[in-house]
1. So which residue, out of Gly328, Gly251, Gly24, gets the largest mean-square fluctuation from a GNM of the chain using Cα contacts under 10 Å as springs?
2. How much accessible surface area, in Å² rounded to 10, belongs to the heavy atoms of Glu330 with a 1.4 Å probe?
3. Please sort 70-83, 290-303 by packing, taking for each peptide the average over its residues of neighbouring beta carbons within 10 angstrom, highest first.
4. Using only DSSP helix segments of four residues or longer, with each worth -39500 (n - 2.57), what per-residue ellipticity at 222 nm results for the chain after dividing by its residue count and rounding to 500?
5. Amide H to amide H under 5 Å from Ser212: which residues, 5+ apart in sequence or cross-chain, H placed 1.01 Å off N in plane?
6. I need the Kirkwood Rh of the chain: take the reciprocal of the average 1/r across all distinct C-alpha pairs and report it in angstrom.
7. Is the stretch 151-254 rounded, prolate or oblate when judged by the Cα gyration tensor, a ≥ b ≥ c being the square roots of its eigenvalues, rounded requiring a/c under 1.5 and prolate requiring a/b larger than b/c?
8. Which entries of Lys124/Lys343; Lys124/Lys149; Lys36/Lys124; Lys23/Lys149 show an alpha-carbon separation above 21 angstrom in the structure shown?
Amino acid sequence: MAPTLSTTQFSNPAEVTDFVVHKGNGVKGLSETGIKALPDQYIQPLEERLINKFVNETDEAIPVIDMSNPDENRVAEAVCDAAEKWGFFQVINHGVPLEVLDDVKAATHRFFNLPVEEKCKFTKENSLSTTVRFGTSFSPLAEQALEWKDYLSLFFVSEAEAEQFWPDICRNETLEYIDKSKKMVRKLLEYLGKNLNVKELDETKESLFMGSIRVNLNYYPICPNPDLTVGVGRHSDVSSLTILLQDQIGGLHVRSLASGNWVHVPPVPGSFVINIGDAMQILSNGRYKSVEHRVLANGNNNRISVPIFVNPKPESVIGPLPEVIANGEEPIYRDVLYSDYVKYFFRKAHDGKKTVDYAKI
């Protein structure tokens, strides 16, 4: 049974918030009531709506890198070059089996198609573990305008912990997705590290670059007025590296460092979109760039995406790597406890690249 909301309830924003946020229907439930107009609290400020209008007028494109190229130095060079100039790139022939990608996409749809009462077992109020969170928008309490997205966020502690707390309907596929992408993630981090004079990913560097992992299953339902809102507002990630699996619908836009234009990242079948996060920008003393990106809402299709956020351990201290400033480079960031950095990010609405200023000297 699709949720029903009488039209009178829509005239009261508190009822919408209650239905979407507190009752756990999410924007998926809202979309499925067949609403014809976007509720007020989803209408973005004018400047964000204006960006929606000017996104497809550029011939710039983020690099697509074939990881199966036998000349590994060429691959490493392309990765580091993209990390410096774009902060974003796509990889193909990355060694992660395509059925693993298909399986986790199918599992994402299965989770979001569960009855509301099943999904609600994983809300902040009900979840048996702080590592599992079903929610909507980004930070509803801090936002002036809400984002048109629902998500399930899974922080990986151990297989045993996941067995106990993650939803059955998508657990195995998500674990397999994490497991099968580890080798590729490690490879990318080795390339990025070597270019910063990090000779090898020993235990210390490993816990700094890839000490913790979070996976989000994201759901962007059909939106009645996509031009007035966003799927995800402008932000950069707080990760070291983000590995994004998109479906064929598209909607991700990246701000070009060269021109400032918004560039659409077209879905390439079987590819990953990789982006540098703030932690890596700080570790590299600004050489690698974490870049603003956003997701448009869509009027015709339900879209999903499954990002893996590869992060430092929460208790890691992040600052410019000793290897980077050994050559006399001036540090532009101070040392920050990673968990403090993340808390700062989640306390406010998405606001472009402002989080990284928190770590500036």
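1. Gly328
2. So the heavy atoms of Glu330 present about 140 Å² to solvent.
3. Per-residue Cβ counts within 10 Å, averaged per peptide and sorted highest first, yield 290-303, 70-83.
4. Result for the chain: -9500 deg cm²/dmol, rounded to the nearest 500.
5. Placed amide hydrogens put Asn311, Lys313 under 5 Å from Ser212.
6. 20.9
7. Verdict is oblate for the stretch 151-254.
8. Details: Lys124/Lys343 16 Å; Lys124/Lys149 16 Å; Lys36/Lys124 30 Å; Lys23/Lys149 15 Å.
The pairs that break the limit, which is 21 Å between Cα atoms, are Lys36/Lys124.
The values are calculated or read from the model by the stated rules, or taken from the named source; none is laboratory data. Given the structure is predicted, the values throughout are model-derived calculations rather than measurements. So basically every Cβ, Gly included, is an ideal-geometry build from the backbone, and we count neighbours across all protein chains shown. Side chains included, ligands, DNA and RNA excluded: accessible areas come from the protein's heavy atoms. Shrake-Rupley method; radii C 1.70, N 1.55, O 1.52, S 1.80 Å.
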